Amino acid sequence: MAGLMDPSSHTLGPIRLAPGVERRHVLAYLFAAFVSICLFTYLATLTPYVLEVHLKVPAGEQGSLSGALQFWQEIVLLGFIGWWGAASDRVGRRLVYCAGFLVLAASYFLYPTAATYGELMAWRLLFGVAVAALTAMLATVLADYAHEDSRGKLTGLSFLLNGIGAVLSFMLLTRLPGIFADQGADPDHAGRYAYWTLAGLALLAAVVMLGLKPGRPAAVRERSSTLLLLKDGLLAGRNPRISLAYIGAFAARADMAAISLFLTLWLVQSATAAGATPDEAAAKSGMVIGAALAASMLWSPIFGTIGDRVSRLSLTVAGFLLAAAGYGLVASLDDILSPMALPALLLLGIGQSSTVLSSSVLLAQEAPAGTRGAVFGLQSFCGALGILVLSSVGGWLYDAVGPHAPIALIAAANGLVGLCALALLFSERQAAVPAGAK
């Protein structure tokens, strides 16, 4: 009722928007949600093709080199993501979003032109700068635009579009090298044209981001320095729920990295060992992972709606335990290409979206409005730290132990966060019981 009385409050279907946020602002953001995960994952997803076709790296070295690329990307992301989040509290979300997509377009254009592994690393680091900006904004703008009683629904819709974009990336865009090869391009140029297609998509996204709400967030303190906002983000962690969201991001961001980095490599190498060509192996990998991401996509709005009806802490418990089960089942597989792998991959997809959604909704509920960019920037920092650990330790485990080992590591991390959330939920309920009733 309050939303109807407030002329600055709008709706998008059943979703109530925060005061001052218009439908066009949300539609521009939802386009970003659609293309972001696709653009985040495609560069890494097609990296096995680049290593195999462009740089002629032996298969036995691809796991550690892929892990090293991801490791140093996350080092850069760690250095920039908190700064981008705090900067957006000063200059506005729109400017940071546009800048992020422009840098992303440059990295996609340059990445397939690398003649050496060192050049490939340089363009991967540039990609990390862009991903830092976009990751921080993806969560921060979502928190800005939703009314409190519609956070779950808007988050679910955002994640549905994330999922569609990811499915597009894995099931369709991984076919681009083969499509260009069918048109007469040699394997080297087929890979370049695939990456340059995504560079064009990033440029389009930068233009669409001009439709976001302009200006600084209204709740930000006047003259707050970026350094002070970062400090505020750290101090917000004294709230145990915010600390849990930070810890949850460590595992949740690593979840998606495990899919795009090691699960993709496992699928590509398995298909190649079975006799597939590099472009056929990339397409096969995309189809299998696309099925898992389709489950993630369809589950997101359901889980988001549930999130508006139960406590956000209970939602976090459920999300991380689902992910632990899904990743654990996949890690137990002997043959990732067997039909028996499909149910495990579907549960993995459901769990992956559940962790990110539940921790994001929890943090959006708890984060102070005036330092929301800094708080979400630090959450993303923790996520980057999780990817850093996964890419370094996981790359070594992949080559030394086997392709299932990094997946098992993620399963354990999700299970640990789920148990921490359960302990906090139990602690809060105990504290809420009157002393005489204990």
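Please work out whether segment 53-145 counts as rounded, prolate or oblate from its C-alpha gyration tensor, where a ≥ b ≥ c are the square roots of the eigenvalues and a/c under 1.5 means rounded, while otherwise a/b larger than b/c means prolate and anything else oblate?
Values: a/c = 3.08, a/b = 2.25, b/c = 1.37.
It comes out prolate by the Cα gyration axes.
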(Q) Can you give the local net charge around Arg24? Use residues other than it whose beta-carbon is closer than 13 angstrom to its beta-carbon, Lys and Arg +1, Asp and Glu -1. (A) +2
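Expressed in nm², what is the orientationally averaged projection area of the convex hull enclosing the Cα positions of segment 20-430? Walk me through the intermediate numbers first.
Numbers: hull surface 72.3 nm².
Averaged projected hull area, Cα only: 18.1 nm².
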Q: Please list, in chain and number order, the residues 5+ apart from Ala146 or on another chain whose amide H is under 5 Å from its amide H, with Hs placed from the backbone.
A: Ala18
Q.
Using Cα-Cα distances under 8 Å and only pairs 6 or more residues apart, what relative contact order does segment 20-430 have, in percent?
A. 29 percent
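As an exercise, use a Förster radius of 22 Å and the Cβ-Cβ distance of Glu148 and Leu27 to find the FRET efficiency, rounded to the nearest 0.05. Spell out each step's value before the answer.
Values: r = 21 Å, r/R0 = 0.95.
The computed FRET efficiency comes out at 0.55.
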Q. Excluding Leu212 itself, what net charge comes from residues whose Cβ is under 11 Å from its Cβ, given Lys and Arg +1 and Asp and Glu -1?
A. +2
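Quick one: if you take sqrt(5λ) for each eigenvalue of the C-alpha gyration tensor of segment 272-352, what semi-axes come out, biggest first, whole angstrom? Before the final figure, lay out the partial values.
Values: eigenvalues 182, 38, 11 Å².
Calculated on Cα positions only, the semi-axes equal 30, 14, 8 Å.
Averaged across orientations, what area in nm² does the convex hull of the alpha carbons in segment 99-170 project?
Working: hull surface 22.5 nm².
Projected area, direction-averaged: 5.6 nm².
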Q | For Val57, residues with placed amide H under 5 Å, excluding near neighbours | A | Glu52
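Suppose we take every Cα in segment 229-372 and form the convex hull; what volume per residue is that in Å³? Please list the in-between numbers first.
Values: hull volume 16.7 nm³, N = 144.
Residue-normalised Cα hull volume stands at 116 Å³.
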Q | About the Cα centre, charge dipole magnitude for the chain (Lys/Arg +1, Asp/Glu -1 at Cβ), debye | A | 1460 debye
Q | Cα-Cα pairs of segment 282-438 separated by more than 26 Å (percent) | A | 35 percent
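What is the gain in length, in nm to one decimal, between Ser314 and Leu172 on full extension, counting 0.36 nm per residue of separation less the C-alpha to C-alpha distance?
Using 0.36 nm per residue and subtracting the Cα-Cα distance, I get 47.5 nm.
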Q) Summing +1 for each Lys or Arg and -1 for each Asp or Glu, what net charge is found among the other residues whose Cβ lies under 15 Å from the Cβ of Leu329? A) -3
Q | 3J(HN,Hα) from dihedral phi, segment 28-45, Karplus parametrisation 6.51/-1.76/1.60, rounded to Hz, x for glycine, proline | A | 4, 5, 5, 5, 4, 4, 5, 8, 5, 5, 4, 6, 5, 8, 5, 4, 6, 4
**Q.** Integer Hz, Karplus 6.51/-1.76/1.60 couplings in order for segment 11-16, x for Gly and Pro
**A.** 10, 10, x, x, 9, 7
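Taking Cα pairs under 8 Å and at least six residues apart, what relative contact order does segment 87-210 come out at, in percent? Intermediate results must be reported in sequence, preceding the final value.
Values: 100 pairs, mean separation 51.7, N = 124.
For segment 87-210, the relative contact order is 42 percent.
Values quoted throughout were computed directly from the atomic coordinates according to the rules given, and no laboratory measurement underlies them. Everything quoted here is computed from the prediction, not taken from an experiment. Here Cβ is always computed from backbone atoms with ideal geometry, including for glycine, and neighbour counts include all displayed protein chains.
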